[in-house]
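Everything below concerns the one structure shown next.
Readers should treat all values here as calculations from the given coordinates under stated rules, not as data from a laboratory. Note that the structure is predicted; figures quoted are calculated from it, not measured.
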Amino acid sequence: MRMRIFCVAAMTLAASSAYATGSTIVDLPWGAFCNEVLTALQPAAISLAGLALTWLVAKLGPDIARALHAAHIDGAY
């Protein structure tokens, strides 16, 4: 509900500023906004990728080690 109120307030302010300047075109800097959001989210994304890789290695590590050990033993004979 609060998000709707915020969106309505933002749209009202944008519309009122457009009428105040005499033009009906409102230019929003979407590129700059997206750039700032992605820049802010980049450290979190890198941390989550590291977390996923660590979890995968911890989960599959013993199985991979067993397979490599078995391949080494088979190759020795």
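Brief remarks follow.
- Phi-based couplings in Hz for the range 35-46 (Karplus 6.51, -1.76, 1.60; Gly and Pro marked x): 4, 5, 5, 5, 5, 6, 8, 4, x, 5, 5, 5
- Backbone geometry of the range 51-56 corresponds, through the Karplus equation with coefficients 6.51, -1.76 and 1.60 at θ = phi - 60°, to 3J(HN,Hα) couplings of 4, 5, 5, 5, 4, 5 Hz, x marking Gly and Pro.
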